[in-house]
Amino acid sequence: MELNPRQQEAVNHRGGPLLIVAGAGSGKTRALTERIVRLVEDGVPAPSILAVTFTNKAAREMRKRVEARLGSAAAGIWLMTFHRASVEILRRDIEALGLPSRFSIYDSQDQLTVVRKVLHDLRLDEKRFPATMVLSRISRTKNQGLSAEDLRAGGGFFEDRLAEAMTRYQAALLAQAALDFDDLILYVIRLLEEVPAVRQKWQARFRHILVDEYQDTNPPQFRWLSLLAQGGAEVAVVGDPDQSIYGWRGADVRNILEFEHDFPGAKVVVMDQNYRSTKTILDVANQVSASSESPHRKVLWTEGQTGGPIQRAVFADDRLEADAVARKVAELRAGGTPGEEIAVLFRINAQSRSLEEAFLRHGIPYKLVGGVRFYEREEVKNVLAYLRLVANSGDEMALRRVVNVPRRGIGEATVDHLFDQPKLENGRPDASKLSGPARARTQAFFDLLDAMAGEIAGLALPDQVRKVAEMSGLLASLQAAEETARVENVEALVDRAAEAALDGDDLFGFLDRVALLSELDQAEEAPDRVTLSTLHAAKGLEFQVVFLVGLEDGLLPHSRALADQAEMDEERRLFYVGVTRAAQQLFLARATRRMLWGQLSLALPSRFWEEVPDDLCGPWLGADQPIEVPAPAYRRVMTPGGPKPFAAGVRPGERVVHSVFGAGTVVAVKGDGEDAEIKVAFAERGVKTLIAGFAGLSREEGL
């Protein structure tokens with residue numbers, strides 16, 4: 001294989017630890033593959049080589065390349081994920097810890113079942129201690145290398161109960177001879193720490209250990225590697241501090257930043273020649289990463305073409321943004337760019353909704369990476385099922401879907417028996433024919449549906465959707481479980497209803513619209529599909545053309561990062577990852593107004609948007625042309641009998657109330673009339689900037 005000088009240096013180094021700082025598109029897989037090949041060619045026994053990756057896809061790709069070079073000589077190399085390697089070790093030696101080698105590995109649903117049993121035994125209210133939240137905290141604790149006792153040390157009733165739940169959860173797994181995903185790493189650590197003979201065996205087995213994507217390792221994975229390497233194995237790790245974007249999952253960027261401290265005498269090779277992107281795109285990437293905290297600063301460069309300017313545009317709202325992207329994608333495909341070489345990247349899953357609808361309108365086939373399509377997401381389908389039941393009480397499929405969501409103790413056998421009963425005049429089966437607790441629980445559910453129908457009568461469509469999400473208990477259960485992405489998807493459904501209302505849709509029209517869109521989703525099966533993806537899910541991918549959309553403070557960077565420098569640094573790295581996915585063309589887009597929770601709010605430009613040098617950018621050709629979208633302009637959507645828009649003359653210092661954000665104080669007003677920007681400090685939701693004509697604010701009673 002033809003290698004550049006830096007790659008050759010990484011491949012040929014012997015005699016000590018090696019850190020390869022590999023910039024985006026610098027050929028790290030080529031270097032890692034060639035290093036393995038050279039080791040075998042130099043006489044290193046294949047079974048003494050361990051190469052670990054984070055994904056099965058990466059492992060398969062690397063193994064394919066190694067086998068293509070070595071043929072049968074590659075037999076015996078351990079080239080697999082951290083967790084696969086852990087299973088291989090545990091199957092052989094876990095009995096030394098007193099556990100059977102034929103242990104089960106529990107998936108997320110199995111884990112939730114165990115957690116729910118634990119919560120029941122502890123008599124903990126699942127509204128206060130949702131099973132998904134408890135499981136998330138247990139997993140996070142394990143990925144930080146901490147224990148139940150560390151949780152308990154946090155003090156307080158809540159932490160103490162979580163610690164007890166974690167202790168009982170682990171005891172339940174032990175009793176069932178089961179390990180969860182996180183345990184696979186932790187039990188290898190226990191095995192190596194507590195059983196010297198086993199530790200010596202595996203340390204003697206592996207003489208060369210290679211780790212891909214080292215910036216994504218968490219504390220237990222670092223300990224796992226350290227223990228295996230202590231027998232004298234040569235460690236070579238590859239990573240990029242500027243692409244460390246999984247802190248929320250337990251990854252610790254300090255592992256790569258402090259590699260030379262952890263492995264004294266390490267050689268460092270910085271691979272900064274890029275083989276993917278144009279010089280212009282790399283100039284943007286280098287500007288973004290200029291504040292990198294890495295001790296090994298790199299500036300990406302290329303011998304390739306300069307490329308055209310970065311095209312960027314500002315749109316009046318998120319619907320126009322999505323439609324402009326779809327139009328430009330259609331133009332690119334018509335000009336010969338394959339759909340699979342085009343990607344549209346965004347920060348949160350909920351942003352895909354407007355993009356999917358725009359692509360469907362324009363007949364552009366797409367695939368969604370990093371999640372299911374918007375209208376197929378569980379929480380969205382659940383809200384829609386409740387709406388369908390309000391609209392049609394005899395909808396059996398909708399009832400079966402949500403009769404026990406959130407959990408209310410109505411089993412499948414009860415539902416089956418229910419539908420064996422004659423139907424009432426409204427088309428709903430007769431719950432009075434059931435017996436005992438099943439009858440009471442089912443009737444209570446039907447009473448809830450009737451109450452929903454009464455409550456939403458006369459409300460505007462977006463308020464109907466919001467009220468159903470609230471009354472059903474769906475929204476509260478997601479919030480309690482800290483399911484942020486799913487809450488955002490429910491918010492996006494409210495936004496979609498607000499837009500449909502502008503087209504004149506009522507509840508029935510909205511449900512019809514959604515049903516028809518679902519039919520059009522079959523376009524995904526067509527060839528030549530464009531990729532829609534979250535930025536997190538796009539890591540490791542590359543495309544000829546990339547669109548980065550929603551470049552606004554609160555989205556990218558995410559609102560959660562605005563008050564935390566460490567999280568802000570990770571958001572910057574996420575933007576860097578997005579930029580460096582592009583090979584030939586990069587489009588940047590943002591909106592000045594974005595629909596959130598049924599309210600059209602002012603969207604401020606992302607600080608990253610403003611850091612992109614103007615001299616690297618040009619206009620988004622065609623973006624300034626008139627764009628026709630159903631519902632050509634947003635109008636104020638007021639709830640009958642609800643808050644009235646502000647009268648002229650509102651001033652800073654006035655107390656106000658918002659239907660979603662609650663009570664707050666006006667801190668600034670810019671402009672006049674319906675287009676005035678009103679900045680309000682809300683007690684529970686922080687400072688929000690709203691457009692007067694869309695805000696739905698009212699003065700606090702008595703003022």
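Which value, in Å³ per residue, describes the convex hull spanned by the Cα atoms of segment 254-297? Can you show the working numbers first?
Values: hull volume 3.6 nm³, N = 44.
Output value, Cα hull per residue: 82 Å³.
Where a Cα-Cα gap under 24 Å defines reach, which lysines qualify for K679, not counting those fewer than 8 residues away within the same chain?
K644, K670, K688
Rounded to the nearest 0.05, what FRET efficiency do E303 and K117 have when you use their Cβ-Cβ distance and R0 = 56 Å?
Values: r = 61 Å, r/R0 = 1.08.
Result of the calculation: an efficiency of 0.40.
Rounded to the nearest 20 debye, what is the charge dipole size of segment 217-282 about its Cα centre when +1 sits on each Lys and Arg Cβ and -1 on each Asp and Glu Cβ? Intermediate values should be presented prior to the final figure.
Details: 6 positive and 8 negative charges, 42 e Å.
That gives a dipole near 200 debye.
For the chain, evaluate the Debye formula with one uniform point scatterer on each Cα (no solvent term) and list log10 I(q)/I(0) at q = 0.05, 0.11, 0.12 Å⁻¹, rounded to two decimals.
Taking Cα atoms of the chain as identical point scatterers yields -0.29, -1.32, -1.46.
If I compute solvent accessible area with a 1.4 Å probe over the protein chains, what percent of it on segment 110-154 is carbon and sulfur? Numbers along the way, then the final one.
Values: 1120 of 2420 Å².
So the carbon and sulfur contribution to the accessible surface is 46 percent.
Between A358, P47, L399, whose Cα lies farthest towards the positive end of the dipole of the chain when Lys and Arg beta carbons carry +1 and Asp and Glu beta carbons carry -1, centred on the Cα centre?
The Cα lying farthest towards the positive end belongs to P47.
Starting from 0.36 nm per residue, how many nanometres of slack lie between D450 and D150 once their C-alpha separation is accounted for?
103.3 nm
Give, in whole angstrom and from largest to smallest, the semi-axes √(5λ) of the equivalent ellipsoid of segment 280-353, with λ running over the eigenvalues of the Cα gyration tensor. All intermediate terms of the calculation are to be shown ahead of the outcome.
Numbers: eigenvalues 161, 70, 28 Å².
Sorted largest first and rounded, they come to 28, 19, 12 Å.
Stretched out fully, how many nm does the piece from K201 to E331 gain, at 0.36 nm a residue minus the Cα gap? Show your work: numbers first, answer last.
Working: separation 130, 0.36 × 130 = 46.80 nm, distance 6.04 nm.
Full-extension gain reported as 40.8 nm.
Over the Cα atoms of segment 272-395, what is the Rg over Rh ratio if Rh follows Kirkwood?
Rg divided by Rh gives 1.11.
From the backbone phi of segment 261-278, what are the Karplus-calculated ³J(HN,Hα) couplings (6.51 cos²θ - 1.76 cosθ + 1.60, θ = phi - 60°) in whole Hz, Gly and Pro given as x?
Coupling constants for segment 261-278: 6, 6, 10, x, x, 5, 8, 10, 10, 9, 9, 10, 7, 9, 10, 10, 9, 6 Hz.
From the residues N255, P219, I281, which one has its Cα farthest along the dipole of segment 217-282 in the positive direction, the dipole being from +1 and -1 charges on Cβ of Lys/Arg and Asp/Glu about the Cα centre?
Toward the positive end, the furthest listed residue is I281.
Which angle from 0 to 90°, rounded to the nearest 10, does the C-alpha axis of helix 131-143 make with the longest principal axis of the chain?
20
Would you please give the residues with an amide H less than 5 Å from that of S104, counting only those at least 5 places away or on a separate chain, with H modeled from the backbone geometry?
A178, L179
With angles folded into 0 to 90 degrees, how steeply does helix 461-471 sit against the dominant principal axis of the chain? Use alpha carbons for both and round to 10.
In the chain, helix 461-471 runs at an angle near 70 degrees to the longest axis.
Report the extension gain between R102 and T665 in nm, rounded to one decimal, defined as 0.36 nm multiplied by the number of residues separating them, less their alpha carbon distance.
Numbers: separation 563, 0.36 × 563 = 202.68 nm, distance 6.17 nm.
Full extension from R102 to T665 adds 196.5 nm.
Students often check this: by mean Cβ neighbours within 10 Å, which of 186-192, 584-590, 455-461 ranks highest, and how do the rest follow? Each step should come with its number before you reach the end.
Working: 186-192: 20.6, 584-590: 24.1, 455-461: 16.7.
Final packing ranking: 584-590, 186-192, 455-461.
How much of the DSSP beta bridge set in the chain is antiparallel, as a percent to the nearest 5? Intermediate results must be reported in sequence, preceding the final value.
Details: 25 of 76 bridges.
Around 35 percent of the beta bridges assigned by DSSP in the chain are antiparallel ones.
Using amide H atoms built 1.01 Å from N in the peptide plane, name the residues 5+ places from A51, or on other chains, whose amide H lies under 5 Å from its own.
Those qualifying (amide H under 5 Å, at least 5 residues apart or on another chain) are W78, L79, M80, L210.
Which ³J(HN,Hα) values in Hz, rounded to whole numbers, follow from the phi angles of segment 548-563 under the Karplus curve 6.51 cos²θ - 1.76 cosθ + 1.60, where θ = phi - 60° and Gly and Pro get x?
9, 10, x, 7, 9, 4, x, 9, 9, x, 5, 4, 5, 8, 5, 10
Could you give the dipole magnitude of the chain about its Cα centre, charging the beta-carbon of Lys and Arg +1 and that of Asp and Glu -1, in debye to the nearest 20?
Numbers: 87 positive and 100 negative charges, 263 e Å.
Value, rounded to 20: 1260 debye.
Based on the Kirkwood radius over alpha-carbon pairs, what is the Stokes-Einstein translational diffusion coefficient of segment 183-264 at 4 °C with 1.567 mPa s viscosity, in µm²/s? Write out the running numbers ahead of the final one.
Details: Rh = 13.2 Å.
It comes out at roughly 98 µm²/s.
Give the residue from G304, V487, V188 lying farthest towards the positive end of the charge dipole for the chain; charges sit on Cβ (+1 for Lys and Arg, -1 for Asp and Glu) and the dipole is referred to the Cα centre.
V188
Only Lys, Arg, Asp and Glu count, each charged at its Cβ (+1, +1, -1, -1), so figure out the dipole size of segment 418-490 about its Cα centre, rounded to 20 debye.
Numbers: 8 positive and 11 negative charges, 53 e Å.
Computed charge dipole of segment 418-490: roughly 260 debye.
Taking the Kirkwood radius as the inverse of the mean 1/r across Cα pairs, report the Rg/Rh of segment 1-49. Mind dumping the intermediate values first?
Working: Rg = 11.0 Å, Rh = 11.4 Å.
The Rg/Rh ratio comes out at 0.96.
Specify the angular offset, from 0 to 90 degrees and rounded to the nearest 10, of the alpha carbon long axis of helix 436-456 from the longest principal axis of the alpha carbons in the chain.
70
Can you list the residues, at least 5 places off or on another chain, whose amide H is less than 5 Å from the amide H of G618, using H built in the peptide plane?
I310, Q311, R312
What number comes out for accessible area per residue over the chain if the probe is 1.4 Å? Units Å², please.
Numbers: 30230 Å² over 703 residues.
With all protein chains present, the chain gives 43 Å² per residue.
Quick check: Cα centre of segment 329-367 to Cα centre of segment 21-80, how many Å?
Cα centroid to Cα centroid, the span is 35 Å.
Tell me, rounded to the nearest percent, the portion of alpha carbon pairs in segment 368-479 spaced more than 25 Å apart. Mind showing how you got there, number by number?
Numbers: 1406 of 6216 pairs.
Roughly 23 percent, rounded to a whole number.
If I model a spin label at Q287 and E164 as a point 7 Å from the Cα along the Cα→Cβ vector, what separation in nanometres do I get?
Inter-label distance under the simple model: 5.7 nm.
Where the centre of each part is set by its Cα atoms, how far does segment 425-465 sit from segment 255-280, in angstrom?
Distance between centres, Cα-based: 61 Å.
Pop a pseudo-label 7 angstrom from the Cα along the beta-carbon direction at both E542 and D430 and give the gap in nm to one decimal.
Taking the simple label geometry, E542 and D430 are separated by 6.9 nm.
Over the chain, calculate the relative contact order: mean separation of alpha carbon pairs under 8 Å at least 6 apart, over the residue count, as a percent. Walk me through the numbers on the way to the answer.
Values: 1174 pairs, mean separation 101.7, N = 703.
Computed over the chain, the figure is 14 percent.
What percent of all Cα-Cα pairs in segment 431-486 falls in each 5 Å bin, counting up from 0?
In whole percents, the pair-distance histogram is 4, 18, 18, 18, 16, 16, 8, 3, 0.
Calculate, for R651 and A457, the FRET efficiency according to 1/(1 + (r/R0)^6) with r their C-beta to C-beta distance and R0 41 Å; round to the nearest 0.05. Show your work: numbers first, answer last.
Values: r = 37 Å, r/R0 = 0.90.
After rounding, the FRET efficiency stands at 0.65.
First obtain the Kirkwood hydrodynamic radius of segment 125-220 from its Cα pairs, then insert it into the Stokes-Einstein equation at 10 °C and 1.306 mPa s, and state the resulting D in µm² per second as a whole number.
On the way: Rh = 15.4 Å.
Translational D for this selection: 103 µm²/s.
Using the Cα atoms of segment 161-202, I'd like the radius of gyration and the largest Cα-Cα distance, Dmax, both in angstrom.
Over segment 161-202's Cα set, Rg and Dmax evaluate to 12.7, 40 Å.
Normalising by the residue count of segment 98-198, find the relative contact order in percent from Cα pairs under 8 Å and 6+ residues apart. Spell out each step's value before the answer.
Numbers: 73 pairs, mean separation 36.8, N = 101.
It rounds to 36 percent for segment 98-198.
Pairs K28/K279; K28/K298; K28/K539; K28/K267; K423/K467: which exceed 22 Å Cα-Cα?
Working: K28/K279 19 Å; K28/K298 15 Å; K28/K539 14 Å; K28/K267 16 Å; K423/K467 27 Å.
Too far apart for the 22 Å limit: K423/K467.
With the Cα gyration tensor of segment 537-602 in hand, convert its eigenvalues to equivalent ellipsoid semi-axes via √(5λ) and list them largest first in whole Å. Provide the component values of the computation, followed by the final result.
Details: eigenvalues 106, 59, 14 Å².
Over the Cα atoms of segment 537-602, the semi-axes work out to 23, 17, 8 Å.
Can you tell me, using C-alpha contacts under 8 Å and at least 6 residues apart, the relative contact order of segment 448-500 as a whole percent? It would help to have the intermediate numbers written out before the result.
On the way: 31 pairs, mean separation 19.8, N = 53.
Relative contact order comes out at 37 percent.
By average Cβ neighbour count within 10 Å, what is the ranking of 270-279, 554-563 from highest down?
Going from most to least packed, we get 270-279, 554-563.
The values are calculated or read from the model by the stated rules, or taken from the named source; none is laboratory data. As the structure is a computational prediction, the values presented were derived from the model and not from experiment. For neighbour counting, all protein chains shown are included, and Cβ atoms are generated from backbone atoms with ideal geometry for every residue, glycine included. Surface areas here come from the heavy atoms of the whole protein model, side chains and all, with no ligands, DNA or RNA. Shrake-Rupley method; radii C 1.70, N 1.55, O 1.52, S 1.80 Å.
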